[in-house]
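Novice: Once you've had a glance at the structure underneath, I'll fire off some questions.
What follows is calculated from the coordinates using simple rules that are stated; it is not laboratory data. Worth saying up front: this structure is predicted, and the values here are computed from it rather than measured. As a convention, Cβ positions derive from the backbone with ideal geometry for all residues, glycine included, and neighbour counts pool all protein chains shown.
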Amino acid sequence: MKYKIIHDLPQRMRISLALSKRHCPENSRIEGLFVAVDGVRKVSFNRHTRNLLVSYNGDRAVRVVLLKIIEETLLIFVKKENFEQDTLKQKKKAAMLSGALLLAKPIIPFILKPFLALYGAVPVLRRGFMATLNKRLNVDTLDSAAIGISLLRGDYLAVGLITFFLKVGDYLEERIRQKSRESFSKMFQGQDGWAWIKKNGREMRVDTRDVVAGDLVVVRTGGSIPVDGIVTEGVALVNQSSMTGEPVSVPKMEGLMVYAGTVLEEGLLTIKSIRVGDETRVSKIIKVIEESEGLKADVQNYAEMLANKIVPYSFLLSWLIYLFANNPLKAASVLLVDYSCSIKLSTPLAIMSAMIAASKRGVLVKGGRFIEKLAQADIFVFDKTGTLTEAKPKVFDLIPFNSFNREYLLKNVACVEEHFPHPVATAVVKRAEDEGLVHEENHAEVEYILAHGIASRIDGKRILVGSKHFICEDNKIRVEHEESVIKNFMDSGYSILYVAVEDKLAGIVIIEDRVREDSKIFLSRLKNLGVKRIIMLTGDNDATAHTVAKRLGIEEYCADALPERKTEIIKDLKEQGYVVAMVGDGINDSPAISYADVGISLNHGADIAKEACDILLLDVPLDGLIDAREIAQDAMSRIKKNFRHIIGINSVLIGLGILGAIAPVASVFIHNATTILVSANSLKPYRISSYHQREKIIV
């Protein structure tokens, strides 16, 4: 069945489409099939649940058209979905048939043996022929040439054994590749297809696909949590190993966050759902990892390129051996051993395994190349505000100047700042609320100048709020007598927000931006992982930047850094040959994050920063970056070891083949065994030390 109608109301249908998550197309592709149909009012597709909700005019003819579109178009996606499983089944069937023919060889009449040998070898010979036809020299041409030599020599037993081992190798490689892609999905997903929600004091059992943000979800012992949300009632132990890697369950109680895909081991929780379906953290992790295979690491591209370049030399060596030794068996032994097969399978598996390991520790890596760049990064550049300091700055005080009073200053700054989702703006608005100041919307349109400040008009007077550069240099407002007062606060490490009305400095807002408690330890541990330089960038003045840098033990910093300056610094460092990681969370950090070799943002950051980054820390402290760095370095080390083993073992096999010390059949067997072993090594769990170190620090 391609679909199932869940609800069929007079003007609305909810339809479940028979698609797997892996091959389910983007929402827009499905929705685009129906939006142009006359009579359709609204179409919504949920990729996580594969549910299609269609609102239409209730006309029966429209309903028929909708179902016909599903019948005809969905078949394309279903075929794509089944293709890989069919491929695996075909390879398994081919290996079993080849093995059966091999076992039956002693009782097969001699006259049939060449035909059966040729029949078994046809798939390999066909691949080699197609590669040659397309002017490609690869592993298929090597295998087909070796089998062709054995056929010409009449060695049908060798042909049967070689084709059997090749087909078994093909099947095992395909199985490993598919299992690695699918296993992480199963690790994250719970088993329950339903949930209990509380409405009007009563509990109702509903399909998890029908849970919406704001619902109160009740989860009991043994149940999987279906949403991301905040606990509103109850105490329980939750196993978060699928998300964090922690083997021990953690207590959850009122006010704490829980995530979809985790399991409640003991207790009872009522959870107010915040993110459901495709919006949950686990769904986003899965989507990113599924879509990231195209972003290959440089080491992967290099390995594949090198492996393919070796193929012509294998042919040359085989031809020389045949020319000088006149021994087709030795020539075939060389052709049956290649490097590309193992390299092309083990390297992407190691990269994907690292991405999954990082995501389980709350670090979302958006592509294989960024695992490599994170491992290589020798300079880390940090934005100050919200990254190395707390994400919630506070207003320490307000100082009015030039006959303006404090209440006027706070009320009007809050009035214009409330339109912008910046931590400093939020702090000002909160201070006004705490002091009970009500500000009316009596200002003109507010103009936001990125990383500089805000300009508007209140009661006909122009008001400016922003940095010293914005007030004094851009708008030429003089600050003289107030300089000494401002300097005292800056020397103490406070940030200053300048406020001007018309052509006068109306006052300053003193912002207290506390350094994160874990920042200094984090930076020290980062240096221990091979980072050469750590640089802090900030839009604050030099005095404030110096004070914060001193507290954190940072030797290099740049104050008064506007977005273009931050980008210039990243560019200069890259031109000097450094691999640069940029960590930031604000709108003004986004250009630098995009330009860095690897851009990193925090989950509380601005949407544009989270979109621009290559690595996102999901609700974990900066220590999560240490975990990710260790995993990335381990992955690169693992790839290099695999590469050495592949080159070493296969080179020995070629050498033994040249000397005639090993038969072609044995070469094939050892070669395929090597491929499977290095692939298994790529999938081994990653062991990191930072989690245990963090436990000791907390204790």
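Novice: Could you tell me which of the pairs Lys93/Lys113; Lys167/Lys366; Lys384/Lys487; Lys373/Lys571; Lys373/Lys641; Lys360/Lys394 are separated by over 25 angstrom between their Cα atoms in the structure shown?
Specialist: From the list (Lys93/Lys113; Lys167/Lys366; Lys384/Lys487; Lys373/Lys571; Lys373/Lys641; Lys360/Lys394), the Cα-Cα distance tops 25 Å for Lys167/Lys366; Lys360/Lys394.
Novice: Figure the gain on full extension for Leu256 and Asp434 (residue separation times 0.36 nm, minus the Cα-Cα span) and round it to one decimal in nm.
Specialist: Working: separation 178, 0.36 × 178 = 64.08 nm, distance 2.46 nm.
The span from Leu256 to Asp434 would gain 61.6 nm if fully extended.
Novice: Below 8 Å between Cα atoms, with a sequence gap of 6+, how large is the relative contact order for the range 394-512 in percent?
Specialist: Relative contact order here is 31 percent.
Novice: What is the range 623-693's relative contact order, in percent, from Cα pairs under 8 angstrom and six or more apart in sequence?
Specialist: Result for the range 623-693 is 52 percent.
Novice: Can you give the FRET efficiency to the nearest 0.05 for His481 and Thr426, using r as the Cβ-Cβ distance and R₀ = 41 Å?
Specialist: So, using R0 = 41 Å, E works out to roughly 0.85.
Novice: A further question on this structure: I need Arg41, Arg533 ordered by Cβ neighbour count within 10 Å, fewest first.
Specialist: Arg41, Arg533
Novice: Using the basic label-point model (7 angstrom from Cα toward the beta carbon), what is the Ser492 to Ala100 distance in nanometres?
Specialist: Label at Ser492, label at Ala100, 8.7 nm between them.
Novice: Between Arg644 and Phe324, take the C-beta separation as r, use R0 = 25 Å, and let me know the FRET efficiency to the nearest 0.05.
Specialist: Efficiency at R0 = 25 Å is approximately 0.25.
Novice: Now for a separate question. With a Förster radius of 22 Å, plug the Cβ-Cβ distance of Glu266 and Trp194 into 1/(1 + (r/R0)^6) and report the FRET value to the nearest 0.05.
Specialist: 0.60
Novice: Using label points projected 7 Å from each Cα along Cα→Cβ, tell me how many nm separate Leu659 and Phe110, to one decimal.
Specialist: 3.5 nm
Novice: Return Val515, Val381, Val365 ranked ascending by Cβ neighbour count within 10 Å, so the fewest neighbours appear first. The partial results should precede the final answer.
Specialist: Values: Val515 16, Val381 27, Val365 30.
Exposure proxy ranking, most exposed first: Val515, Val381, Val365.
Novice: Just rank Tyr156, Tyr313, fewest to most, by other beta-carbon atoms within 10 angstrom.
Specialist: Starting with the residue having the fewest Cβ neighbours, the order is Tyr313, Tyr156.
Novice: Whole angstrom only: what separates the Cα centroid of the range 101-132 from the Cα centroid of the range 141-164?
Specialist: Going from one Cα centre to the other spans 8 Å.
Novice: Let me ask something else. Computed over the Cα atoms of the range 94-140, what is the convex hull's projected area averaged over all directions, in nm²?
Specialist: 3.8 nm²
Novice: While we're on this one: Under 1.5 on a/c is rounded, so check that first for the range 394-512, then, if it is not, pick prolate when a/b is larger than b/c and oblate when it is not; a ≥ b ≥ c are the square roots of the alpha carbon gyration tensor eigenvalues. All intermediate terms of the calculation are to be shown ahead of the outcome.
Specialist: Numbers: a/c = 1.40, a/b = 1.15, b/c = 1.21.
Since a/c stays below 1.5, the shape of the range 394-512 is classed as rounded.
Novice: On to the next question. Using only the Cα atoms of the range 504-557, build the gyration tensor, take square roots of its eigenvalues as a ≥ b ≥ c, and label the shape rounded, prolate or oblate: rounded if a/c is under 1.5, else prolate if a/b is larger than b/c, else oblate.
Specialist: Verdict is prolate for the range 504-557.
Novice: How many angstrom separate the Cα center of the range 312-338 from the Cα center of the range 343-364?
Specialist: Each part's Cα centre sits 37 Å from the other's.
Novice: Moving on to the next point. Pull out a ≥ b ≥ c, the square roots of the eigenvalues of the alpha-carbon gyration tensor of the range 457-600, then state rounded if a/c is under 1.5, prolate if not and a/b is larger than b/c, and oblate in the remaining case. All intermediate terms of the calculation are to be shown ahead of the outcome.
Specialist: On the way: a/c = 2.64, a/b = 1.75, b/c = 1.51.
Since a/c reaches 1.5 and a/b is larger than b/c, the shape of the range 457-600 is classed as prolate.
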